[in-house]
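J.: Below you will find the structure I want to go over with you.
The values are calculated or read from the model by the stated rules, or taken from the named source; none is laboratory data. In this text, all values refer to a predicted model and were calculated from it rather than measured experimentally. In this analysis, Cβ positions are derived from the backbone assuming ideal geometry, glycine residues included, and neighbour counts consider all displayed protein chains.
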Amino acid sequence: MREFWLIVGSQHLYGEEVLKKVKKHGEIIAGELDKSPFIPWKVKFATVATTSDEIVKIMDEANYDENCAGIMTWMHTFSPSKMWIRGFTRLNKPYLHMNTQFNREIPWDEIDMDFMNLNQSAHGDREHGFIGSRLRLPRKVVVGYWEDKDFQIKIGNWMRSAISVMESKTLNVARFGDNMREVAVTEGDKVEAQIKLGWSINYYPMGDLVKYIENIEDKKVDELFEVYREKYKISTDNIGPIKYQARLELGMRKFLEDGKFSAFTTTFEDLYGLEQLPGLAVQRLMEDGFGFGAEGDWKTAALGHIMKIMASGLEGGTSFMEDYTYHLEKNNELILGAHMLEVDPTIADDVPTIEVHDLDIGGKNAPARMVFDGKEGDVILASLVDLGGRMRLIVNDAVAVKPLKDMPNLPVARVMWKPLPDLQTAAEAWILSGGAHHTVMSYALTADHMRDFAEMAGIEFIHINKDTNIVDLKKELAYNDILWKFK
């Protein structure tokens, strides 16, 4: 059970009665945050830290406790920050600094120096903030009153990013086949990704997967087909290809679960031993939380799983996506996104239909797939690229819209969206930033979630949004090229 620890800072200068009040207040705040509907994971009061040795001890405990996903600090009184140095230099968990105070308002008639000495967050959190800056600690700073909704939402959003960082450190990615030949952007340094992000990315020949698929019992295939029938609309009498996708799903799921993989890739250039390109099977696995990348794109596969973890419990959906074609009508420019088959039904506007159609790419039998239009709403599109020596996470805000017309001859899952600030600016900014054609689209997350993740993970972040202009973006990219050479 993941949890976040609240460490309240103080010192012995003010006496034991003050420290008792500090502890009581810390316990109350932790308890109330823990009950908040905006806080997605448990908040635990850890301790009142008053000495360097106490701080080292609690930081070590946080580091080695598998349930601890991050720490939050709050300086109730003034806590000299030199005594935090040894502890902070050991910390390897995500860190948030709360700048709040127990009372909302100043008690004008009763306020005296005892009250001032006890309630010093305006004073103590500045001292504490300095040492975070001096140590160059990646951290989130949240300012406000602890009972306010906005304050709690910011903490909850940070927790989602922190949980994803912890998940990232143990993420295993299976690549069924290699990268699509001659493609650049889906390549990358897998060793650097493991050093930087914790991802273990390994190749498995298709024959290893085929053994799993061949060992699936017909009874289990029939049972899964009935699940398909209950959950989706089957719009064909040609059920053989659908049952084959059920066999693929069961075999792939067992392979992934046996190997403790949370993300995977396939490629249409390596389907040896398979009758179809995995389509419906991949869509189902994504629906259950696995990350996926087509054509061997392990970065998008890993990012997809991380973003699904980040979005746990939120409305919306998160899916593998690919920019396919433009609609360049004047003043109504849009992008149509899809893939050959593999788009996650969590973003569907209605119950998907299962259909069987020929696929010219891959040279195999006609595969079954879910067909649907994506829902309307605010979305982000995220791309992780390897620039050689560093990774860059690029996020574009967008608005998903209803397709302007039906597309009867395009039997795949598809989404149409307007990138912000407009297609011309967004596409130019994306290309200048090196963004890939594969992305992860999310209706549940915002750029703030991704920015927090990037800061905790120590990777570059570029945000293309309603305020983006190309002149400033070029400057940001140029500055980043210099900055990240020294990181």
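Let's see how each residue does on (1) loosely packed, with under 15 Cβ neighbours inside 10 Å; (2) of a type outside the set (A, V, I, L, M); (3) under 15 Å from residue 266 (Cβ atoms):
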site: 162; (1), (2), (3): no, no, no
site: 182; (1), (2), (3): yes, yes, no
site: 191; (1), (2), (3): yes, no, no
site: 212; (1), (2), (3): no, yes, yes
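J.: If residue 469 satisfies every condition in (1) crowded, with 16+ Cβ neighbours inside 10 Å; (2) touching a Ser or Thr at 6+ places or on another chain (Cβ under 8 Å) but one, which is the exception?
T.: If we test residue 469 against (1) crowded, with 16+ Cβ neighbours inside 10 Å; (2) touching a Ser or Thr at 6+ places or on another chain (Cβ under 8 Å), just (1) comes out false.
J.: Only one of these conditions is not met by residue 117: (1) in contact (Cβ under 8 Å) with a residue 12 or more places away in the chain; (2) over 21 Å from residue 12 (Cβ atoms). Which number is it?
T.: In the conditions (1) in contact (Cβ under 8 Å) with a residue 12 or more places away in the chain; (2) over 21 Å from residue 12 (Cβ atoms), residue 117 misses (2) alone.
J.: While we're looking at this one, here's another question. Out of 127, 105, 110, report the one residue that is of a type in the set (Asp, Glu), outside any loop (DSSP other than H, G, I, E, B) and at negative phi.
T.: 127
J.: Which of the strands (runs of 3 or more DSSP E) contained wholly in region 281-388 include at least 1 residues that are within 25 Å of the chain's Cα centre (by Cα) and of a type outside the set (Ser, Thr, Tyr)?
T.: Those strands (runs of 3 or more DSSP E) span 291-294, 318-327, 334-338, 368-371, 377-386.
J.: A further question follows. Given (1) over 28 Å from residue 457 (Cβ atoms); (2) free of Cβ contacts under 8 Å to residues at least 60 places away in the same chain; (3) not in a strand (DSSP E or B), where does residue 48 come up short, assuming only one miss?
T.: Against the list (1) over 28 Å from residue 457 (Cβ atoms); (2) free of Cβ contacts under 8 Å to residues at least 60 places away in the same chain; (3) not in a strand (DSSP E or B), residue 48 comes up short only on (3).
J.: Another one. Check 69, 46, 62, 30 and return the single one that is modelled with pLDDT of 95 or more and either surrounded by fewer than 14 Cβ atoms within 10 Å (Cβ to Cβ) or over 26 Å from residue 149 (Cβ atoms) (or both).
T.: Criteria check complete, one pass: 62.
J.: Kindly list, by first and then second residue, each pair from a residue in region 249-270 that is assigned to a loop (DSSP other than H, G, I, E, B) and modelled with pLDDT of 95 or more to a residue that is surrounded by fewer than 20 Cβ atoms within 10 Å (Cβ to Cβ) and not aromatic (Phe, Trp, Tyr), limited to pairs with Cβ atoms under 6 Å and residues at least 6 apart or on different chains.
T.: Correct list of pairs: 260/172; 261/172.
J.: Next up: With the condition kept exactly as written, say whether any residue in region 363-370 is without any contact (Cβ under 8 Å) to a residue 60 or more places away in the chain, among the aliphatic types (A, V, I, L, M) and surrounded by fewer than 20 Cβ atoms within 10 Å (Cβ to Cβ).
T.: The answer is no; no qualifying residue exists.
J.: Specify which of the listed residues (112, 150, 125) is modelled with pLDDT under 90 and either assigned by TED's automatic domain parsing to the domain that holds residue 79 or basic (Lys, Arg) (or both).
T.: Every option except 112 fails the conditions.
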